[in-house]
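Beneath this line is the structure, given in structure tokens, with notes to follow.
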Amino acid sequence: MTPGSGTAAGRLHPFTPLVLTLCVAVIAVAAPDPLTAAALYAVTVLLVVVTGVGRAALRALVPLAPLWLFLFLLHGVLGEGDRVAVMGLSLSRAGLALAVTQACRLGAIATASLALHASFSPARFVDAVADRGWSFSWSYLLVATLQALPRFRARAGAILDAQRSRGLRLRGSPLNRIRAIGPVTFPLLLGALAEVDERGFALETRCAGEVTRRTPLDPPADRAGDRAARWLASAAAVAAVIWRVFG
Amino acid sequence: MSALLFDGVGFTYPGSAAAALHDCSLRAEAGQVTWLTGALGAGTSTALLSAAGLAPRHTGGDRTGLLLTLGLDPALPSSGAALGGRVALVLPSPATQLSGIAETVAQEVAFAPANLGWPRARIQARVAFAMEALQVTHLARRDPGTLSGGEMQRTVIAAMLALEPELWLLDEPTSALDTAGRALVHALMRREAARGAAVVVASEDTDGLHSVAETLIVFTNGRPALRGPPREVLRGEQVWSAGAASTAIAGLARAAGHAAPRPLTVDEGVALWAR
Amino acid sequence: MNARLLALLPAAIAINLVIGGLVNAMGLPLYLDSIGTILATVLAGPAVGILAGAIGQVLFGLINGYQWIPFGLIQVVIAVLAGVAASQGGFRSAGRSVAWGLLTGLVAGALSSIISYVLFKGVTATGTTAVVTLLRQFGLSLPAAVTASSMALDLVDKAVAFLVIGALVRSSPNRMLGRFPRAARAVAR
């Protein structure tokens, strides 16, 4: 998780990108037609670029491009209903609309998610939660898990390499491979258990899980702009849901 | 009141036939450095974990006898809150003692004081002090996961120093440190004792600690077998039959057939053999 | 939440998310994405297992697509069943572990199909193509074949997961089990 502290997004209050991403997801799911979805996607990309994490919009295109192609082919080319001619191709009008809606929905969600990832700072998040006086245990849990993922992945890779170099056969018959599950998973699990033991000692000694309210070390500023953005986004999300359900 | 009191303490880990500690009696006083040593499995680590209350609260098992840490029984659930931040436990492997959420060394050192809800100004002052004492100030902005073993160990000790503890429980605190690092930690132990804290250290670093501790307690098979001023104990023969070892020079002298009392340092050895 | 749980949960969740990749690198089409949940349950009880499974699934969904988040319900069910198994000494032999794993796989597979159908009006394509092709030879329609192969995969996945955790806990020294009394009960020691 890169702090992204050089960008405007990194200077936002940590709850703002979280709330915004959630609202984008809700609005995306609720968006009923291509125009709304496209507008949402455009607004999302604009926000992301304006806050300095524009690269997220580009990076989102990597998984999106094949999905867009698939949608275009499935609904646009192979769709039913009256056809419309676009650049020499005969495309289904309804299918094209559906494809555009889906594509923009996915685009908005992917862009917002990657922007969130780029601007998330574990320490600022923990400080923001502590500043509000909310339970430290939950924010610790979330952040410690996120920090643990790359560590465990690296360890898993190292174990795999080590076992391979010791001659463990990872290819071949299914029975062979199933037999190899033990030597590959056991070291990771045992290592994790040992770590849990020692870290439990350390966390207890360092008073984690105490009922006292944790002091925020460097509380992030919650500016008027942050609050306004969160309220606006939430209102838009609620409106979108109401519109979709009752409209 | 002693900072740490063991009176006939026994401890058995769950599922273990043999007791890790039995009939263990010792005291550690404020203002002094008490040094525990012994062969592997002799019980020094268990003694420290018991003193911290982690045995049996975390490890399970049965404890018998009287054990008081800063006047409280650490095994009681209520003692956790009462002792929080007053007892510093430092374990041998630094990597697993990291908080897991700090992005910088400074945040890592501030972890415990922040959990205790200290005012920010006090935290900042103690963190700066602790980092300076362990010479990790230049690493303040580094990601703790990228530190070397020695840097990590010093960071973990600094994290405990930030709490200004009344009782230190150190288990092999210098295993990853070079000579300069060890000297740093030894000097820290003396300063903490001078400040009025009780320092208990379990270590096999015989060469380093004989001039640092006031009392040496040698454990054999789960109970203290020898105790006394370090230099006296280490010069004798009993420390060897207790399953522990003395300094390198004393070992050399013993191997060369020299009877107790033996020289402990290079200077003493030179003085002896240059005759 | 006490310090011990704060140490255990991130590890259990990370195991859920990482071990699948490890096994896939071996060419096995298993998820083993509940192995951390089962471990947490055996060590600290179903409540902790539920937390590990639910939080893990939410994180998985945040990384790989929000549509996976509702499947957290399955992790909850797995934790509950693993908890029952543990309290009955269900991990005390390889045979018993597999039996409980198959039962859990059955329930998990059924629930997975139901969630897929209710939320997405169709099946999420998780069945291995080889099994799907085989089933179609027997005249099953494509959706039915995919559902059946997905269920078969769930059976094997959970059986293997229970087997691995059972073997792990049975081979743990008493000293380790003592730190987790529930685990001792799970292997009837």
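The values are calculated or read from the model by the stated rules, or taken from the named source; none is laboratory data. All values reported here derive from a predicted model rather than from experimental measurement. Quick reminder, even Gly has a Cβ in these numbers, built from the backbone with ideal geometry, and neighbours come from all protein chains shown. Remember, those area values only see protein heavy atoms, side chains included, never the ligands or the DNA or RNA. Shrake-Rupley method; radii C 1.70, N 1.55, O 1.52, S 1.80 Å.
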Three-way shape call for the range A:122-247 based on the alpha-carbon gyration tensor, with the a/c threshold at 1.5: oblate
Within 10 Å of each Cβ in B:52-58, the average number of Cβ atoms from other chains: 4
Charge dipole (debye, nearest 20) of the protein assembly as shown; +1 at Cβ of Lys and Arg, -1 at Cβ of Asp and Glu: 1300
Rounded, prolate or oblate (a/c below 1.5 giving rounded, otherwise prolate when a/b exceeds b/c) for the range B:1-104 by Cα gyration tensor: rounded
Rounded to 10°, Cα long-axis angle of helix A:15-30 versus longest principal axis of chain A: 40
Share of carbon and sulfur in the accessible heavy-atom surface of the range C:3-186 [1.4 Å probe, %]: 71
Inter-chain Cβ neighbour average for residues C:23-36, partner chain, 10 Å: 4
For chain B, alpha-carbon Rg over 2.2 N^0.38 Å: 1.03
Shielding score for B:114-127, defined as the mean number of other chain Cβ atoms within 10 Å: 4
Degrees separating the helix C:142-170 axis from the principal Cα axis of chain C, which is the longest one: 10
Ellipticity estimate at 222 nm from DSSP helix runs (n ≥ 4, -39,500 (n - 2.57)) divided over chain C, nearest 500: -25500 deg cm²/dmol
Cα-based radius of gyration of the range A:134-205 once divided by 2.2 N^0.38 Å, which approximates compact folds: 1.45
A:Ala221-B:Asp7 pseudo-label distance in nm [points 7 Å out on the Cα-to-Cβ vector]: 6.0
Angle between chain A longest axis and helix A:55-71 axis [Cα atoms, degrees, rounded to 10]: 60
Where A meets B: accessible area buried, both sides, 1.4 Å probe, Å²: 2800
Cβ crowding within 10 Å averaged over residues, with C:102-115, B:74-87 ranked highest first: C:102-115, B:74-87
DSSP-assigned coil residues among trypsin sites (Lys or Arg not before Pro) in the range A:201-234, each with at most 13 further Cβ atoms within 10 Å: A:Arg223
Rounded if a/c under 1.5, otherwise prolate or oblate - the range B:71-149, Cα gyration tensor axes: prolate
Net +/- balance of residues flanking C:Gly27 in space, Cβ distance below 10 Å, scoring K and R +1, D and E -1: +2
FRET efficiency, 1/(1 + (r/R0)^6) with R0 22 Å, evaluated for C:Leu134 and C:Trp68 via beta carbons: 0.25
